[in-house]
Amino acid sequence: NPVVVLLLALLPAALILLHRGRARTVLAASGALWLLHQFFPAAATITWPIEGNYLFLFSSWQLLFFVPLVLAYRYDRLPRLSRHGQYGLLFLAGLGVALLLAVRGLMNLPASQLPHAWLVPGDWDTMRRFVEEEVFGKAHLRLGRVLATGVMASFVFLALTRGWRLLGRLLGPLLLPLGQNALYAFTVHAFLSVAAPLALVLTGT
């Protein structure tokens, strides 16, 4: 993915800024670029056009790369929650996930299955498109998708933190070998993805 290449190319500069204590600079630059893209996407296009790339636009999606990067780098400086505080936050994040699932389910319902009191004739499809494109739009990473990502990431992080010992006993024998051999699998996959089509061309298949 060319967007990933661009993000990795900028990673050393971001790490240098973080090492020098300029975390706010990284966050401000990332946030400003995302915000510029929301209102003036043409002006925020700072890279060359990537043919066929309509879902992951650099100027919007970079926010989900640099913000977690800063949080991970400064993790030791984040406020520490008590055990009860972690469970409380986990409960709130779980409610947020349930709400997101409910909204998603509602958006997938046809107008015929909704209470008539909710409907204005002909407006349901228009409203649904508005929510999908302007609130949770993927390509432009609208605000709703940013918030949904934050809620989901918080829930998964807290759930894994609190349940790590149990999950480690249950899933460790399966997941650890996969993680330890991930680089090998990726390397073999990259080689085969090039070698297999080349072999088909050379053999005339």
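Taking Cα extents along the principal axes in Å straight from the coordinates, which label in (i) 62, 55, 41; (ii) 45, 42, 34; (iii) 56, 44, 30 is the correct one? Derived directly from the coordinates: (i). Find the relative contact order for the chain and round it to a whole percent, using C-alpha pairs within less than 8 Å whose residues are 6+ positions apart. 20 percent. The heavy atoms of PHE130 offer some 120 square angstrom of accessible surface to a 1.4 angstrom probe.
Site pair ALA72 and MET127 shows an inter-label distance of 4.0 nm when each label is modelled 7 Å from Cα along Cα→Cβ.
Summing +1 for each Lys or Arg and -1 for each Asp or Glu among the other residues whose beta-carbon sits under 11 angstrom from that of GLU132 gives +3. Shown is the FRET efficiency for ALA98 and ARG20, computed with R0 = 41 Å from the Cβ-Cβ distance and rounded to the nearest 0.05: 0.50. Going by Cα centres, region 90-110 and region 140-204 are how many Å apart? Centre-to-centre distance over Cα atoms comes out at 24 Å.
The values are calculated or read from the model by the stated rules, or taken from the named source; none is laboratory data. As the structure is a prediction and not an experimental result, all values here were calculated from the model. Backbone-built Cβ (ideal geometry, glycine too); neighbour counts: all protein chains shown. We work out accessible area using only protein heavy atoms, side chains counted, and drop any ligands, DNA or RNA first. Shrake-Rupley method; radii C 1.70, N 1.55, O 1.52, S 1.80 Å.
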